[in-house]
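Okay, structure first, notes after.
The values are calculated or read from the model by the stated rules, or taken from the named source; none is laboratory data. Since we're looking at a predicted model, the values are computed, not measured. Cβ placement follows ideal geometry from the backbone for every residue including glycine, while neighbour counts extend to all protein chains displayed.
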Amino acid sequence: MFLNTAVWIRAVMAIAVGFAISFAATPIAKMFAQKIGAIDVPREARRVHDHPIPRMGGLAIFLGFFLSVVLFADITRQIRGILLGSVVIVACGAIDDVTPLKAWIKLIIQIFAAVIAVLHGVVIMVLRSPATFGDDQALILGVLSIPVTVLWIVGITNSVNLIDGLDGLAAGVSIISSITMFVVALLVSEGNVALILAALMGACLGFMPYNLNPAKIFMGDTGALLLGYVLATVSVVGMFKFYAVVTFVVPIMALALPLFDTLFAILRRLLKGQNPMTPDRGHLHHRLIDMGLSQKQAVAILYAISAVLGLSAVVLATSGAVRTWLLATALFLAVVVGVFIRKTLKGHEYHPQQTNSEEAGKDAAP
């Protein structure tokens, strides 16, 4: 499948069409956002931009992704569920970009979108890992399959949204994750899944020129929630069901940066006695900025980390000589990234900035 010419041709076309539509639609999305007042005004300390910027750029990403999938992928029952759920997610994000929704309302909508996918067969039935369960064993989820799937989809959806704090960060990390899962999908003969990821890749690439620092438009919740939802659901369809080729660790590695940043954020807030949904300036990208790095430097470091994790995921999906070469490449890349990060951070110290909520708490304290 990896060398299947027909799949590669369709994948290249999916990327090209997704790119072209997203690139052409982003200026229109920007004008639309300005007209309806979907503007990100930096009133909070956790914001890193200093002037109002239109959001809802995710509409362009969605249009490029959706049309590219319809044109080049086979619309199976599962893919139909993903597309229907993505419509719900985009609607939720668009409303939130104009009039912020309460966290519990967004959570209910996200669960609803996840259930739509589940009802169309997007379900994690088994967690397989040769290293953990042996050569002929697997963890059968049974009645837990649906709640585990919903938790995975909602969790990844929100994790991508939470890293959308620097220009180009969420889109770039999503591109790297898409490339990772695209390669793995081809390795396990999931050509249709690869085409979905190619469409997402192209749509994100088309948006990137407008979103790189200094950003002309943000993707907003419209885009960030969409990217998380698609990556989560596609990973269920293409990554979770192959024993001895792809373990459940692969999608976790492919999405490790947003996933673990979110887990640490929740843990950090709980240890402080805060609501885990309370925004703060403790995310990894905020910490890099608070060390004195520029947005471009911080984003470059996070891209590099994501790329190493992505290559590691591909290593887990291979075997034999290919795995040996990829492992060597991953180790070399890890060393290069480590040296790059060390050199970039040299002379920088962490100086945390307070969020408005933290400042308010200090003012109110006796």
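Does Ala171 count as of a type in the set (A, V, I, L, M, F, W, C), surrounded by fewer than 17 Cβ atoms within 10 Å (Cβ to Cβ) and under 24 Å from Ile36 (Cβ atoms)? Considered against the rule, which asks whether it is of a type in the set (A, V, I, L, M, F, W, C), surrounded by fewer than 17 Cβ atoms within 10 Å (Cβ to Cβ) and under 24 Å from Ile36 (Cβ atoms), Ala171 comes out as no. When segment 83-94 is filtered for residues that are buried (at least 17 other Cβ atoms within 10 Å of the Cβ) and out of contact with any Phe, Trp or Tyr (no Cβ under 7 Å at 6 or more places or on another chain), the ones remaining, listed by number, are Cys92, Gly93, Ala94. Checked against (1) in contact (Cβ under 8 Å) with a residue 60 or more places away in the chain; (2) within 29 Å of Thr76 (Cβ to Cβ); (3) in contact with a Phe, Trp or Tyr (Cβ under 7 Å, 6 or more places away or on another chain), Glu190 meets all criteria but (3). Among the residues making up segment 163-186, a single one is within 14 Å of Cys204 (Cα to Cα), among the β-branched types (Val, Ile, Thr) and touching a Pro at 6+ places or on another chain (Cβ under 8 Å): Val173.
Examine segment 137-146 for a residue that is closer than 21 Å to Leu63 by Cβ and not hydrophobic (A, V, I, L, M, F, W, C), and state whether such a residue exists.
No; the residues of segment 137-146 include none that is closer than 21 Å to Leu63 by Cβ and not hydrophobic (A, V, I, L, M, F, W, C).
Please verify whether Thr324 is touching a Leu at 6+ places or on another chain (Cβ under 7 Å), among the polar types (S, T, N, Q) and at pLDDT below 70, treating the condition exactly as stated. For Thr324, the condition - touching a Leu at 6+ places or on another chain (Cβ under 7 Å), among the polar types (S, T, N, Q) and at pLDDT below 70 - is not met. For Pro251, the conditions (1) surrounded by 24 or more Cβ atoms within 10 Å (Cβ to Cβ); (2) modelled with pLDDT of 80 or more are fulfilled apart from (2). Collect the residues in segment 1-46 that are basic (Lys, Arg) and either modelled with pLDDT of 90 or more or surrounded by fewer than 16 Cβ atoms within 10 Å (Cβ to Cβ) (or both), keeping them in residue-number order. Residues satisfying the conditions are Arg10, Lys30, Lys35, Arg43. Val173 satisfies every condition listed in (1) part of a loop (DSSP other than H, G, I, E, B); (2) within 30 Å of Val7 (Cα to Cα) except (1). Each residue in segment 95-117 was checked for being under 29 Å from Lys35 (Cβ atoms) and either of a type in the set (D, E, K, R) or crowded, with 24+ Cβ neighbours inside 10 Å (or both), and 6 of them qualify. Checking each residue in segment 254-301 for being part of a loop (DSSP other than H, G, I, E, B) and at pLDDT below 75 picks out Asn275, Pro276, Met277, Thr278, Pro279, Asp280, Arg281, Gly282, His283.
Being buried (at least 23 other Cβ atoms within 10 Å of the Cβ), modelled with pLDDT of 80 or more and touching a Lys or Arg at 6+ places or on another chain (Cβ under 6 Å), is that true of even one residue in segment 219-235? Looking for residues that are buried (at least 23 other Cβ atoms within 10 Å of the Cβ), modelled with pLDDT of 80 or more and touching a Lys or Arg at 6+ places or on another chain (Cβ under 6 Å), one finds at least one in segment 219-235, hence yes. Taking the criterion of being surrounded by fewer than 22 Cβ atoms within 10 Å (Cβ to Cβ) and among the β-branched types (Val, Ile, Thr), the residues of segment 63-82 that qualify are Val70, Ile75, Thr76.
Do we find that Ala25 is part of a helix (DSSP H, G or I), within 19 Å of Met208 (Cα to Cα), small (Gly, Ala, Ser) and within 23 Å of the chain's Cα centre (by Cα) in this structure? Here the answer is yes, as Ala25 does meet what is asked.
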